[in-house]
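Shown next, in C-alpha cells, is the structure this report addresses.
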Amino acid sequence: LRPQLGEAMSAQKPVYNTKWAPSTAMVSFNPAPGDPFKPTSMPIYQSATFIQPSSTEFNDYDYTRSGNPTRHALETLVAGMEGAHSAYAFSTGMAALSAMTRILKAGDEILCNADIYGGMYRLLGKVVSRNGITVKFVESWHLDNVVKALTPNTKIVHIESPSNPLMHITDMRALADLVHSKGVLLTVDNTILTPYLMLPLAMGADIVVHSATKFFGGHADTMAGFVCCKHAEHAKIIAFHQNAEGIGLSPFDCFLILRGIKTMAVRIDRGMQNAVKVAEYLSKQKSIVKKLHYAGFLSEEDRIANNEKAQKYALHKTQAKGGGVLLSFETGDPKISQQIVDALKLFKITVSFGGTGSVVEMPVALSHASIPSDELVLPMDLVRMSIGVEDINDILADIEQALRATGLPVVPAGHARL
C-alpha cells in the first residue's frame with residue numbers, strides 16, 4: 001500500500017546540501033523529499049487549512065498563516081544559502097524589515113547607517129520611533145562614528161554594505177566585533193548582493209534581511225522578503241511575529257521565489273559582468289560623470305593613488321565575491337541627470353532593481369522620495385542603475401545615446417561583447 005501523503009511528508013524534510021557549491025545547491029535542492037510522487041519542483045500547497053489527526057492532536061501544519069509546506073521548503077533553502085539557524089519568508093521586504101525591528105522594545109535604541117533605502121528610513125522614522133524606540137542614523141562606514149553614537153540603550157546596529165544608493169562599504173567584521181563587545185546585535189540588509197555574493201552571518205552579523213522581490217524572484221513579478229537568524233532566540237521572536245501578525249509569504253509566491261532561486265547564480269553572474277563593463281564605460285565620461293559609485297570597479301587613477309576609494313574597494317573584496325549589478329553616478333547637475341534618464345530607451349524607469357532587465361531612476365525623486373528634503377543626504381543629481389542580462393553592446397549603445405542627449409562630449413562605447 002502507498003503511504004499516506006501526510007505520513008510521507010512528515011518522515012522526510014528538505015535539507016540544504018552544504019557540500020555543493022552555492023550555484024549547484026540552489027538548483028539541485030530537493031524541496032519535497034518525502035513526497036511519494038517525487039516532484040522535481042515544489043508543489044504549491046494552496047490551502048488555508050489542513051486536516052488534523054484527532055480532536056486533541058496537531059499535525060505538522062494546521063493553518064497556512066502559521067505554516068505551510070511550500071513556505072517551509074523555501075525557508076529551508078534560504079536558511080541554507082545564508083548559513084542561518086533558520087529563515088522566515090514574508091510578504092514583502094518591508095514586512096521582513098519590520099519584523100526584524102520587533103526584537104526591540106520601548107526604551108531601546110537602533111542605529112542605522114545614514115545611506116539607507118528610503119523605505120527603511122520611513123519605517124524607522126515614522127513607525128518604529130512611535131513605539132518608544134530611539135532611532136539614530138550614523139555613517140557606519142566610519143567606525144569612529146558608530147563608537148560615538150552607541151549608548152547603553154543601543155540594542156541593534158543595522159547596515160547595508162554596499163549601501164543603497166551611494167555604495168558605501170562598511171567593515172562588517174570590525175563592526176561586528178565592536179557592537180558585540182557592547183552587547184549589541186548587528187543586522188544586515190543583504191538585498192544588493194544576496195548570499196550568492198556575500199555571507200554576513202559568517203562575518204559576525206546576527207540577522208540578515210532581504211527584499212526577495214529583487215534577486216531571489218529575479219523577474220520583477222513577485223514581492224517577498226526574508227529574515228535569516230543566526231541564533232535560535234531571535235528566530236523564535238521572528239517566527240512568533242510572522243504568525244501573530246499574519247505577514248508570511250503566500251504559497252504561490254513561495255513557489256515563484258523557489259523557481260527564481262534556480263537561476264539566481266546565472267542572472268547575477270551575467271548582470272555583474274555587464275555592470276563592470278558599464279562602470280568602465282561611465283568612468284571614461286569625464287565631461288558628464290563627476291562621481292561613479294560601484295563596489296565592483298576601481299579606476300586606474302584611484303588604484304595608483306591608493307586613496308579611500310581604493311581601500312574600500314579592497315575591503316569589499318574581502319567581504320564579497322563581487323560588486324553586484326547596482327551602481328550610481330553623479331553628473332553635477334540634476335537637469336543633466338534628468339536628460340540622461342529620460343533619454344534612455346532600453347532601460348526602464350522604475351523604483352526597484354534586481355530583475356533581468358536593466359532599470360534606472362533618480363533616487364531623490366523615486367525610491368528615496370519618502371525622505372524629507374531637510375533630512376536628505378543624497379545628491380539631487382544622483383542616477384541609479386540596475387544592470388540587467390541583456391547583450392552588453394545594446395546596453396552600452398543605449399547609455400551612449402542617452403549621454404549624447406546632454407549635448408556634452410561623449411566617449412564612444414565601441415564594441416564590448418562579453
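The values are calculated or read from the model by the stated rules, or taken from the named source; none is laboratory data. Keep in mind it's a predicted model, so treat the numbers as computed, not measured. Reconstructed Cβ throughout: ideal geometry from the backbone, glycine too, with neighbour counts over all protein chains shown. Accessible surface is based on the protein model in full, side chains and every heavy atom, while ligands, DNA and RNA are left aside. Shrake-Rupley method; radii C 1.70, N 1.55, O 1.52, S 1.80 Å.
What residue, among those in the range 39-62 that are of a type in the set (F, W, Y) and closer than 19 Å to F255 by Cβ, is nearest to the chain's Cα centre (by Cα)? Write out each step before concluding.
The first filter runs over the range 39-62 and keeps only residues of a type in the set (F, W, Y), leaving 45, 50, 58, 61.
From the residues that got through so far, the ones that are closer than 19 Å to F255 by Cβ too are 45, 50, 61.
Values: Y45: 27, F50: 33, Y61: 29 Å.
This residue is Y45.
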_Criterion first (among the acidic types (D, E) and in contact with a helix residue (DSSP H, G or I) (Cβ under 6 Å, 6 or more places away or on another chain)) does E109 satisfy it?_
no
_For the range 128-148, give me each residue that is open to solvent by 40 Å² or more (accessible area, probe 1.4 Å) and under 29 Å from A365 (Cβ atoms)._
S129, R130, K136, F137, E139, H142, N145
*Going by the structure shown, is F353 among the aromatic types (F, W, Y) and open to solvent by less than 10 Å² (accessible area, probe 1.4 Å)?*
no
_Subset of the range 273-286 (residues that are over 24 Å from G332 (Cβ atoms) and buried (at least 21 other Cβ atoms within 10 Å of the Cβ))_ = N274
*Members of the range 287-337 found to be surrounded by fewer than 18 Cβ atoms within 10 Å (Cβ to Cβ) and part of a loop (DSSP other than H, G, I, E, B), listed by number*: S287, K290, S299, N306, N307, K321, G332, D333
*List, please: which pairs have Cβ atoms under 6 Å, are six or more places apart or on different chains, and start with a residue in the range 126-155 that is touching a residue at least 12 places away in the same chain (Cβ under 8 Å) and end with one that is among the polar types (S, T, N, Q) and open to solvent by less than 70 Å² (accessible area, probe 1.4 Å)?*
V128/T101; V135/S129; V138/N145; E139/N145; S140/N113; S140/T170; W141/T170; V146/S140
*Determine whether A114 is modelled with pLDDT under 95, open to solvent by 10 Å² or more (accessible area, probe 1.4 Å), of a type in the set (A, V, I, L, M, F, W, C) and within 20 Å of the chain's Cα centre (by Cα).*
yes
_Restricting to the range 311-354, name every residue that is in contact (Cβ under 8 Å) with a residue 24 or more places away in the chain and of a type in the set (K, R)._
K312, K321, K345
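Just to be sure before I move on: is P36 assigned to a loop (DSSP other than H, G, I, E, B), more than 14 Å from S250 (Cα to Cα) and touching a residue at least 12 places away in the same chain (Cβ under 8 Å) in the structure I sent? So that I can check it myself, show each step before the final result.
Numbers: assigned to a loop (DSSP other than H, G, I, E, B): yes; more than 14 Å from S250 (Cα to Cα): yes; touching a residue at least 12 places away in the same chain (Cβ under 8 Å): yes.
It is true that P36 is assigned to a loop (DSSP other than H, G, I, E, B), more than 14 Å from S250 (Cα to Cα) and touching a residue at least 12 places away in the same chain (Cβ under 8 Å).
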*Residue list for the range 135-153, restricted to those being more than 22 Å from the chain's Cα centre (by Cα), of a type in the set (S, T, N, Q) and in a loop (DSSP other than H, G, I, E, B)*: T151, N153
*asked:* The conditions are (1) open to solvent by less than 50 Å² (accessible area, probe 1.4 Å); (2) outside any loop (DSSP other than H, G, I, E, B); (3) modelled with pLDDT of 95 or more; (4) touching a strand residue (DSSP E or B) at 6+ places or on another chain (Cβ under 7 Å), and G125 fails exactly one of them. Which is it?
replied: (3)
